[in-house]
Amino acid sequence: MKNFMNEAIKLAKKACAQGEVPIGAVIVYDGKIISRGYNTRQTSQNAIKHAEIIAIEKACKKLGSWRLEDCEIFVTLEPCPMCAGAIANARIKTLHYGCKEQTSCDDLCEKILSSKRLNHTVEIIFEENYQEEISSLLSNFFKSKRQKNG
């Protein structure tokens, strides 16, 4: 099986090179990547241009449906509440993420993705063997930003 998290990491690095928070996402259907996304909030000046949202929009267009029931999403960082809601609303089957959000201490992502209110439950897989690499990428990005602004 192809290493889809490494593809998401490549996208995160692409975002970083453009001065964006380094987060990447890929959506997989039938064992193949059908869409990719990375953060573009700064360059687009659009608050919702997160990696997951971009990847979901592209996957919906590619499949011609808002229902991505047989898809998996691979994201470098644990999704924010907006993206978790979008993942559940798109009916994505499985979320794989490689790094826990440092400020997350209330399991909000898991609560959103398992909420009965959304009429769909997403399987969540934390791929912890990527935690160190992705965490380092994020830390170095923010450290660099602080040094430039400092």
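The values are calculated or read from the model by the stated rules, or taken from the named source; none is laboratory data. All values derive from a computational prediction rather than experimental measurement. Neighbour counts run over all protein chains shown; Cβ positions are idealised from the backbone, glycine included. Each accessible area value is taken on the protein alone, full model and side chains, heavy atoms only, with ligands, DNA and RNA left out. Shrake-Rupley method; radii C 1.70, N 1.55, O 1.52, S 1.80 Å.
Shown here are the Rg and Dmax of the Cα trace of segment 1-70, at 12.1, 36 Å. Averaging Cα coordinates gives a centre for segment 32-67 and one for segment 73-149; these two points are 15 Å apart. Helical content alone sets the calculated 222 nm signal of the chain at -13000 deg cm²/dmol, taking -39,500 (n - 2.57) per DSSP H segment of four or more residues and averaging over every residue. Using a probe radius of 1.4 angstrom, the carbon and sulfur fraction of the accessible surface of the chain is 48%. Its alpha carbons considered, the chain gives a radius of gyration followed by a Dmax of 14.7, 47 Å.
Normalised by the number of residues in segment 9-115, the average gap of Cα pairs under 8 Å and 6 or more apart makes the relative contact order 22 percent. For segment 1-82, the per residue solvent-accessible surface stands at 49 Å², with DNA, RNA and ligands left out and a 1.4 Å probe.
Of the peptides 9-17, 84-92, 98-106, 44-52, the order by per-residue mean of other Cβ atoms within 10 Å, starting with the highest, comes out as 84-92, 9-17, 44-52, 98-106.
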